[in-house]
Each structure stands twice: as C-alpha cells, then as structure tokens.
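The values are calculated or read from the model by the stated rules, or taken from the named source; none is laboratory data. Given the structure is predicted, the values throughout are model-derived calculations rather than measurements. Because the Cβ atoms are built from the backbone with ideal geometry, glycine has one as well, and the counts that use them run over all protein chains shown. Just so you know, the surface numbers come from the protein's heavy atoms only, side chains and all, with ligands and any DNA or RNA stripped out. Shrake-Rupley method; radii C 1.70, N 1.55, O 1.52, S 1.80 Å.
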There are 4 protein chains.
Amino acid sequence: MTPQASILRTLLRADRPVVMAGAHDALSARLVEETGFDAVWASGFAVSASRAVPDASLLTMTDMLEAAQRMAGAVTIPIVADCDGGFGNVINTIHMVQVYERAGIAALCIEDSVFPKRCSLYQEPHRELVDSEEQALKIRAACEARREETVVIARTEAFVAGLGLQEALERAVMYADAGADAILVHSTRETGCEVLDFASHWHREVPLVAVPTTYTGIQVDEFARAGVRVIIFANQAMRASIRAMRETLLQLRADGSAASVEGQIAPLIEVADLVRLDQLRAHERRYLNHGLRVPQ
Amino acid sequence: MTPQASILRTLLRADRPVVMAGAHDALSARLVEETGFDAVWASGFAVSASRAVPDASLLTMTDMLEAAQRMAGAVTIPIVADCDGGFGNVINTIHMVQVYERAGIAALCIEDSVFPKRCSLYQEPHRELVDSEEQALKIRAACEARREETVVIARTEAFVAGLGLQEALERAVMYADAGADAILVHSTRETGCEVLDFASHWHREVPLVAVPTTYTGIQVDEFARAGVRVIIFANQAMRASIRAMRETLLQLRADGSAASVEGQIAPLIEVADLVRLDQLRAHERRYLNHGLRVPQ
Amino acid sequence: MTPQASILRTLLRADRPVVMAGAHDALSARLVEETGFDAVWASGFAVSASRAVPDASLLTMTDMLEAAQRMAGAVTIPIVADCDGGFGNVINTIHMVQVYERAGIAALCIEDSVFPKRCSLYQEPHRELVDSEEQALKIRAACEARREETVVIARTEAFVAGLGLQEALERAVMYADAGADAILVHSTRETGCEVLDFASHWHREVPLVAVPTTYTGIQVDEFARAGVRVIIFANQAMRASIRAMRETLLQLRADGSAASVEGQIAPLIEVADLVRLDQLRAHERRYLNHGLRVPQ
Amino acid sequence: MTPQASILRTLLRADRPVVMAGAHDALSARLVEETGFDAVWASGFAVSASRAVPDASLLTMTDMLEAAQRMAGAVTIPIVADCDGGFGNVINTIHMVQVYERAGIAALCIEDSVFPKRCSLYQEPHRELVDSEEQALKIRAACEARREETVVIARTEAFVAGLGLQEALERAVMYADAGADAILVHSTRETGCEVLDFASHWHREVPLVAVPTTYTGIQVDEFARAGVRVIIFANQAMRASIRAMRETLLQLRADGSAASVEGQIAPLIEVADLVRLDQLRAHERRYLNHGLRVPQ
C-alpha cells in the first residue's frame, strides 16, 4: 500500500472539505504543502505550460509521470495526478495505473475526453467525448488494475462538451458503478451553476470534486454545503509565477540592475529553506568532520 | 555548427553589453526570451530549486542537461548552461561537452570548485578549489572536445574561496590561455568591488562575465564601462516565482476562493499565448477540417 | 542541417541497395555500425521488447525518442526512427517532427495504423487504418514541419490490414504526392509476394523500403532487382540477444559456475573495445598525469 | 516497506546460497527472472555498456536509477543496484538512498572506490580507495537514511587496489560495524584465492558476496562451503548478447537475407511471450469487445 493513497482515502472520508492546489514541479508542490493544502494536483495544464507546450496531449504519459513523481519525492501529502483520458484506450490506461502506482502516486484522475485531448479551457466548440460505456469500462479496468489503495477519480467533461446535466449525471453514475472513488465534474462556465446543480442531484456516497478555475466566486464552504467534498485550485500558483517572473524580468531589463526587484522576490535564505539546506547541513555535521568534503 | 552558439559568438563580439537572465524550465526560458534578454542562463541554483533540492551536486549531469535541453527547445536565443565543475574530473568534462553539444546547447560554463560542489551562495566557510593547473587542463580538454562552435566559459570561484585578486587573475589567465572563450569571475560580496577590481586589472581580449546576485546595486552600463561585457541576472525570475506562488497559495487557503487572487495572476489567455496556442490552432486549420480531430 | 540526414539522402540516391539493421539501444546500434550496415533502424518492436512491454503504443514518444537519441549519440551512421503513426493525430505528428529533428534523428517513419497501434507481427485480425486522406495530410504536415533535411518515410499497413494491392498502391501514391521521401510497404506474409508485386507496379521515383521479417527467403539483391531500394533487417539482432542471454543464463544456473559459458560470450576486452575504452585512456594520457584522477 | 527488500532479506537468511545474475535493461532482467535466479544485479558495467560508454562514472546516478527502476517494473524478484561509491560523497549517498528507496529498489551496493570510479575490470594499476573511516561513515549514513527495509551491501575494492587481505578484512569489519547488511569482497584475479581466503578469515554473521567474473572456475556450492552466501554472475548475459548480436548482424550482412539466421534467434512468438502479450490480449478480451480498439 502506498501511504499517500491511504492518507488521501482518510481525507475523503473526513467531515471537512478537502482542498488541493495545483503544482507543475517539485518546488511548487512543496509550496503547496507548506501553505497548508491537503494534497497536490499534478496539473496537466500547468505541467504542459512549464514545458512551454499547449495542454493538448503533446506531453506524453512518460512526461506527466516524471513530473508527478518528482512532486511525490518532494512532499509528504498525497499527489493527485491529472491523467487526461488515460493516455489512449483502456490498454494504455491499465499500463498507466501499473506504472503510476509503482511510482507512489496516490490518486489518478481519468477523464472522458477523446485522445488526443484538448484543454477544456481552450474553448474549443466541438468537444468529443468517449462513448460512456467504453469510458465506464476504462474506469473499471483502472480500478481492477490496482494492486494497492490508489484512488481512482473519474472526471466527466459532459458539461464542457455542452451535453447538459442529464448526460453528466448518467456518466457519473456509470463511472461510480464502475468503481470510481470520486467523481470530478468539470465546467468552464463563469458561474458555478452547472457544478452546484449537479451536486444537488447527486445522491451517491461517492464524493464530488470541483475545479473552480473559471467560476472563481464560490467559496470552499459554499461548495461543501452544496455537497462538493473536494476543491482543487488547479493552476493559480503557476499563473502567479508567470505574472511575477514576467514583471521581474521586464524590470531587470529596464533598470539594468537587480536592486529594484529585490523587494519583490524571495530572499536567498528563503530558497535555502525551501530546499531544506538545514537537512544537508545536519548531515554534514553528522557524517563529515570538516564541512562538505572530508579532507583528502 | 549549432546556430545558437554562432549567435552567442556574434553577441560576444558586439559593442554593447550582453545581458542574460536565469531560467529553470522551458516556461521561464521563454519568458526570458519574450522580455528581451540576449540569452538564457540555465542556472544550476534555479534548476536545483525547481527540483526542491539544494544546489550541491545532488542533481546530476543528466538532470541538468535535460533542463537545459528543454529550454533550448522553447526559445531561439542561446542557452548558456551552468555546468558546475564539469560534473567530475576531466574525463567527465569531455563526456559532458560531447553530450551537451549534441543537445544543441550554445555555451558551457565550467567552474573550478571541487566535486561535489556547493552553491557559492550558501556561505560555506572552507571552499576548496581544484588545483589551477588541473583546472586549466580541464578547460583545454573541454575546448578540444568540441566539434562545433560551442562557447566555453571558465568560471573561477577564487574570490568566493577567499583567495583574493591575485589568485583570481592568475587562474583567469591560465583558463584564457587554455582556450576559454570568456571568463566568469564570481563574487558573493554585497558590493561589486571584487569584480570591478578584477576587471580593472584584466587586459586580455577574452570577455568577462559577472553574476550580480549579491552586489545588486551596479547597473549593466556601469559593468560595461568597467570592462565587464556579459551580465547574468541568474535567479531573480525563479525567486520572483517563489514569492508569488507562496502569496497566492496562502491567499487561496485563507479566502477559500480564487476570486481574490485573479487580479495578481496571469489570465488564462496569457498562458495560452505563452505556449503558442495560436500555432496549434493554425496547424489545425491547415491540416484538420473539423477541429482537433478528424471525424472518424 | 543534420549531417546524418544528409548522409541518408545521399545513400537513397545511390546505385546500390541501402541495407539497415534494427537496434534497441546504443550498444546494439554500435554493433549495427561496426558490422557495416548503412543505417540504424530504431525499431519500435525491439525498443518495446527491451523495456519488456508489447509493441502496442505503451511506450510513448518520449520513450522512443530517448532510445533513438541514445543510438544517435553512439554512432555516425544515420538513425531511422520507427515513429508508429506519429503518436496521435497530425498535431502530435508535427510536434514529433520538431522534437526528433532537434535531437538529430535523420529519418522518421510514419505509418497509417490507428493510435494506439498494435504490432503488425501480433497477427491481429481486424487491423484498422487511418483514412487515407487524413494520413496524406499527416505526411504533408510532417514534411512541412521540418526545418532541416530530415527524411520522411511513409509506411503503409494496407497489406497487413488485408486491403490488397490496389489500396496499398493508392495510399503509397497519395503519400508520395504529400511529400514522402520514401515508401515503406509492409507485409507479414511468409513469402515476399505482396512486396515484390507492389514493387512491380511502382513507377515513381520515390524509393521503396521493405522489412523482410516474415519473408526471410528473399535476398537484398533480389529486392534491388525488383526495385526495392532499402532493406531493413528490423529485429534479428534483438532476437539473437534473447536466445543467447537465455541460453547463457540457463547454463549458469545449471552449472553454478561461469567457466562453461566463457566460450560463448564476448570476452571482457571486446566489451572494452565496443565502449571505446581506448579513447578514454587517450584522454587520460593527454589530460591527466597519473591515471584516471590527478592526485590531490 | 518495499516487498522486494523483504524478499531479499529472507533469502539472505536462508540455508542455501543466493544466486543472482546481472541485467542491463528490463528485458534482460526478465530473462534473469525466468531462468530462475534469486535476484537481479543492476550492473553498472552492463548498463554502461548498453549505453555504449565505459564504466567510469560517465553515466550518472539518474541514468543508473532509471535502468534499475525499469528492471524493477519488469520482475517480481529483488533488484540489487550497483551504486558505485554512492555517486559522490556522503551527502550524495544519502540523497541516493532516498531516491532509490522511493523507486522500489531492494538493495544498494556501495563500494569504496573514489569518484569518479573506474571499472575494476579495466586493470588500472593505481586504484585509489576512499579512506576507510570516511567510507564507514558513508555506509552508516546510507543505513541511517533508510526509511524501509532496503538492504545495504558494502563492497570493498581492497584486493583490486592491491592492498591485501588484512586491509580487506579491516575494511569489511568497519563496514559491518557501520551497519552493512552484507559485504561484497571484490577480486579481479583469475583464481578465486583472494575471495576464498577472505571467507576463511570472516567470522561475522554478516553474509559475504562474491562476483566471479574473472575467477570463473569456482562453483556456487564451493563458494557456499567456503562461507560465501551470495554469488553474482554479473555480466555474462550482456556479453552473450554482444557475441550473438555481432554474429547475427555479420551473417545478415554477408548473406543479404534473414533466412540463414532464423535458426539462431528467438522466434517472434518467444518475444511476444517475454513481453506478456497474453496479458494484453486478456485485457482486450475483458475490456474491449472488438479487438484493440472499440469501434467509434
């Protein structure tokens, strides 16, 4: 059993809402942990952006797993991996479960968009979904491929594809019946009405997950009261980093010196703390007599 | 010949100062390019931080090359790779030159600190340098291992090791004689006196490089007048990203909704622009009739 | 321009047949070079086998590129990469061309089987092909995405899918019209009749490629007389290694000592030659005074 | 706890000798498992050869871990990783233990040669060892860095460095006192006298390990009677593959057809069995109605 998966299962059964934030590398994952979130969302959108490519199945399962694995090595809270549609058909999905589980990833989120997928935020008009029975079989296969407690989250893009509440509910029921441990119902509306409406019609024990990227106005407690147990702030940290890096670089370019940006960037000591320089120094004191290298 | 190396050689011969900024992944490299810098510094400090480990030879040549290569794939300006001490002895350095050159990296910066190195910013008291003759041989070997125009930058940590101006100058002369295309003279003082003093004593054609991380008060033009031709703002972008991510995450955690952070993060459209979604859409229009997937 | 692509283009215009052999890692690629073949086929079947997974789109583009890139670093002859169907749709294919080209791969072979593909040797009854117009657009997109002389080989699985000569020829013409530099016509029959028949009906300048894995009885010269210019022995080296490793391991297990296998395995000196230990020693003599490490 | 580490600990306490064989990739690891060995030795010599580079610290920890991890994903028997000297100093070694353990590697073998190491088989005259106290601290640090049952094997190159029995014994005692779970005493003599002599003087519970690459004449039972509990046939499989691939490629080149080599290579069906095509087919039957892809 992977301990992180077990931690996540306990969280999903708790009374309070579970709040996650998205990361794109080990450092952002550690910041997610340090700022008190329950888990890290290994965001496909953010990892793709960090590699400077669109979120459109251009990064492969290998790339996404590498990113998630590096996050898992940097934190003790669970990693929830954004796995698109399982990176192909059900055979790819089974393979994915096996390798992600070996890598210690706590949870896999599998959506019903067709490969190659396209980011739901890109506002593509004609979104195509995998046939619901085929997708339910994929979810079942993912669950049966596990050898440990790994959490399987089934995500439906029914709202994003414009198929409406009924289709979203039917798919969610099928995925829950197939064994999904949670249902992520996605929406790109600017109000959360689709998600809240869905939640009001959801009568299963399987917990609901929301990703309020576009419907920013709803609070965690409001979601919780509506029956949404898990909230993921998926890409705000990455987008904050873009804004800050651009402004700092522009200022460096304009001023020609680092003095003016010093007040708006993390001091060197903060970077040292983040990478746990203190642990390295403790190891040096314990195992080396004279600093980093033993004299030769 | 790698075109990026050629671009960099032209820059090094130009009249105006060359200004670079550090990156830690493809996205930050693209921001460095978009904000008008001449080249990207693939910073060991920043790449290590992005992996949440100290800058102490814990990431390997493989890791550092991967990061630099991803940057090279995302920009058209040259990548200057921070190669520590060549990741071992002269044999490792030769191997490194061969694989970095094949990967299209424009320039390699090789320093005279002992493996495993420790970040010069960690203020370790007893810094040890490689014997100067051995290091000069390493620089010579690196230069002779090239098959293309790759730029070799020799970096001395003589000031950081507390060895003073004379040792710094002697080492720089030896490295220049060994074939180095540029000399990076490092200092962790809060004033730039060491570097400016060094520049006033440097009478070779080989250009000088400075990394004003601690001596933030000196401007690019001031460096240029003092004879320093290349300025690297090595880690400010990464440190800006840390500050911004932490603040945004804390606010998300405190507020429980994304509304309040929207004003301080890049909008989704800016992320789409950064990853060149327009190019993907142009490809779709040209090669697909009906959106991302051809109907089947 | 990648020199290896240029070498391959020259070979394709030569009078004599071009003969390639498949490899699965850098070592087997070097053996292909040392035994006198013109180019290395980075076989999807063999690379998948070396990773112990079926050849069914379980390894990703990232995995396949890594393998091809390692081969490219070990030899001076061109690498011809087996790229399945471009690892997705035309957008994936364009991305693939860009990253493979940057990695110095001389040629890309793109087939018309549907993603996820299944190895043609697995004798699956109902093989599905991509619509021929869609595939022709994919080939055109691949050709137009190049910035260098990279060779694009279009492979049709029409015979494998049981669609017959006419369909094979129509597809080949469409792919040639779309810009393909060569046409690989695949067949899994035990006689080469399909391929030879095809060749007798082929009247374009674009050279033909055959992979005689199942129809082992036809010689290179016979292919050449029939108009097939390129012959690929795709996986025999890997299959030889399996036979030999299994026998040697069984014998070690049975005998409990290495003595009895010594006569059937490469001596240590041969391994040292293959990895170019002589070059390492020459570097040591040139750049170190006292063996591998300079005394400290 | 990693199950593989636990399996290995049970083996080390068993009455019969433990016999391992070396692998260089997932496929050779699977052959090691299928032919009945107790564990897989992830050989630095063989992995380096498969990448076509000398075994001289040119491949990094990242490369070696990747190879070991791929082996671990392909078998259920334990992986024993050849970790050279811990890839640097004690700080590197601690980092290594953490990342290897997360990757599910059952055992780590750490030797006392200086970084960069050079393969003991290259017959370098002046082999240098790490100071024995420093090395003992490194072993202790490795043991204390574990969070699971990972086996730490301490390897001494004292015989290879020409330091004799007394030094070998003293080092072995120090490493055992530091917590090593087994002692690998290496020798490159053509007779096993050094190792057998060592064993006759060893009176600790900590089991001994031998690697009879050069002293091929001694049988497993003979080692066992002498008190050596673990025997590793480190690189014979890889060397068998080189011999076989070279001969097959030469014959293909000479004959111009595959017919003549068919008898000496694994048939296609054997490759399919090795990669577990039957499991893929079982998944298809269970989760797909009509072959590899569901009709769309």
- Query: In what sequence, highest mean first, do A:260-269, A:18-27, D:243-252 appear when ranked by Cβ atoms within 10 angstrom?
  - Reply: A:18-27, D:243-252, A:260-269
- Query: Percent antiparallel among DSSP beta bridges with both residues in chain C, to the nearest 5?
  - Reply: 5 percent
- P(r) for region D:151-210: what percent of alpha-carbon pairs falls in each 5 Å bin, starting at zero? 4, 22, 36, 25, 11, 3, 0
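Work out the mean other chain Cβ neighbour count within 10 Å for the residues of C:34-43 and drop it here as an integer. It would help to have the intermediate numbers written out before the result.
Values: counts 3, 10, 5, 3, 0, 0, 0, 0, 0, 0.
Across C:34-43, the average partner-chain Cβ count within 10 Å equals 2.
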- Item | Amide N proximity, region A:18-35 versus B:A254 label position 7 Å along Cα-to-Cβ, cut-off under 16 Å | A:35
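When the accessible area of chain B is split by element with a 1.4 Å probe, what percent falls to carbon and sulfur?
Details: 4670 of 9800 Å².
About 48 percent, which is the carbon plus sulfur part of the accessible surface.
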- Item | Other protein chain Cβ atoms within 10 Å, averaged over every residue that makes up B:60-69 | 4
- Query: In Å², rounded to the nearest 100, what is the total accessible surface buried by chains A and B against each other with a 1.4 Å probe?
  - Reply: 7600 Å²
- Relative counts (whole %) of C-alpha pair distances in the protein assembly as shown, using bins that are 10 Å wide: 2, 10, 18, 23, 22, 16, 8, 1, 0
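Using R₀ = 25 Å, calculate the FRET efficiency as 1/(1 + (r/R₀)^6) where r is the Cβ-Cβ separation of D:C193 and D:E170; round to 0.05.
Details: r = 19 Å, r/R0 = 0.76.
E(calc), rounded to 0.05, equals 0.85.
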- Task: Using only Cα atoms, locate the centre of region C:228-262 and the centre of region B:46-82, then give the distance between them in Å, rounded to an integer.
- Result: 39 Å
- When the Karplus curve 6.51 cos²θ - 1.76 cosθ + 1.60 is applied with θ = phi - 60°, which whole-Hz ³J(HN,Hα) does each residue of region A:212-226 get, with x for Gly and Pro? x, 7, 9, 9, 7, x, 8, 8, 3, 5, 5, 4, 4, 4, 7
- Message: How many angstrom lie between the Cα centre of region D:178-210 and the Cα centre of region A:123-187?
- Response: 57 Å
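Out of all DSSP beta bridges in the protein assembly as shown, what portion is antiparallel? Express it as a percent rounded to 5. Working shown, then result.
On the way: 4 of 116 bridges.
Of all bridge pairs located within the protein assembly as shown, approximately 5 percent are antiparallel.
Using alpha carbon coordinates only, what is the Rg to Rh ratio of region D:210-271, with Rh defined as the Kirkwood radius?
Values: Rg = 17.6 Å, Rh = 14.5 Å.
Taking Rh as the inverse mean 1/r over Cα pairs, Rg/Rh reads 1.22.
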- Item | Nearby lysines by direct alpha-carbon distance to B:K138 (threshold 18 angstrom, same-chain neighbours under 8 apart not counted) | B:K117, D:K117
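Which of the three applies to chain B, rounded, prolate or oblate, going by the alpha-carbon gyration tensor with a ≥ b ≥ c and a/c under 1.5 meaning rounded? Kindly include the intermediate steps, with their values, before the conclusion.
Numbers: a/c = 1.92, a/b = 1.51, b/c = 1.27.
Taking the square roots of the gyration eigenvalues as a ≥ b ≥ c, chain B is prolate.
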- Query: Just for region D:70-170, what percent of DSSP beta bridges are antiparallel, to the closest 5?
  - Reply: 10 percent
- When you look at the Cβ of every residue in D:271-280, what mean number of other chain Cβ atoms sits within 10 Å? 6
- Size of the dipole of the protein assembly as shown about the Cα centre, Lys and Arg at +1 and Asp and Glu at -1 on the beta carbon, nothing else charged, in debye to 20? 0 debye
- Message: Counting heavy atoms of the protein chains only and a 1.4 Å probe, report the per residue accessible area for region A:128-232 as a whole number of Å².
- Response: 39 Å²
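Sort largest first and round to whole Å: the equivalent ellipsoid semi-axes of region A:47-166, each the square root of five times a Cα gyration tensor eigenvalue. List each step's numbers first, then the result.
Values: eigenvalues 106, 66, 28 Å².
So the equivalent ellipsoid measures 23, 18, 12 Å along its semi-axes.
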- Item | Global size of region D:117-237 as Cα Rg and Dmax, reported in angstrom | 14.0, 40
